[in-house]
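One structure is given here, and the rest of the page talks about it.
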Amino acid sequence: MDMSERGALGLELFQPDAGRTGGAALPFYAEQAGEAALFEQAWRQRLPLLLKGPTGCGKTRFVEHMAARLGRPLVTVSCHDDLSAADLVGRHLIGAQGTVWADGPLTRAVRQGAICYLDEVVEARKDTTVVLHPLADDRRVLPIERTGELLAAPAGFMLVVSYNPGYQNLLKSLKPSTRQRFVALTLGYPEPGLETRIVEMESGVAPDLAARLVRLAQALRRLTEHDLEETASTRLLVMAARLAAGGVPLRAACRAAIVDALTDDADTAAALDEVVGAVLGT
């Protein structure tokens, strides 16, 4: 895909360079539909951002790319159901010289004027997300109750959260009082031509092999008769391509990186493997 083809698609491929980051390379990211401009405007307008999209579609890479592009430090937190408010904000610790306060990642990000990225925020405990509210509205402050400090976020700070709507249910969803504090941006899997380019760039395989893997992903994503929690993501395609680039036979690479990553059920795995053979002809 040359520059004219990219322009015709209205897409932009950001490759590693030292342009806007003072010598640091930009993580590779292939823009789908103007999301980079929206992210940058949200940062400039001091608005928090909610990213929605399926597993492996590039949400984390997008945030890494934008942090580097904007020249901001990035603090990433992988949320889980044991994540507490103290884990985010900080706590007192007992050391050799007595009790000392230790900032959590959210507090460090505010002090540094960093971009704070909470990955899969719905996995955190419900009471944890409440601490985000003062940061995610016009106040842009972080109250630290245990120290009595009211920490104001500097202009460079940005709060970004993400989650996968495919996992959303009554027990794991953002409350309206949280959701409505954020600008929302939905990402999906790229269109085939762009996804082929991503697989090629990320793995080093030839364009024809990348295109075959993307055709496989399209076939797997159309499956409806198997009860899969997730489908073949761009991330899984890249992993399979990297194995193949390293000399693993393509069928075995797809079995390890795609089929067995999607299911533990033997019958389902056999059915998916048949699709792999039919599409790839191996």
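Coordinate-derived values only; no laboratory data. Here the structure is a predicted model, which means the values were calculated and not measured. FYI the Cβ positions are ideal-geometry reconstructions off the backbone, even for glycines, and counts take in every protein chain you see.
Compared with the dominant Cα axis of the chain, that is its longest principal axis, helix 35-44 is turned about 10°.
Here the relative contact order of the chain, from alpha carbon pairs under 8 Å that lie six or more residues apart, stands at 18 percent. Rounded to the nearest 10 degrees, the angle from helix 59-70 to the longest Cα principal axis of the chain is 60 degrees. Cα centroid separation, region 230-270 to region 47-66: 23 Å. Counting only alpha carbon atoms, the long axis of helix 207-221 and the longest principal axis of the chain meet at about 80°. Full extension of the segment from R179 to L93, taken as 0.36 nm per residue of separation minus the current Cα-Cα distance, would add 27.7 nm. Take the Cα of V130, go 7 Å toward its beta carbon, and the backbone nitrogen atoms of region 177-191 under 16 Å from that spot belong to 177-179.
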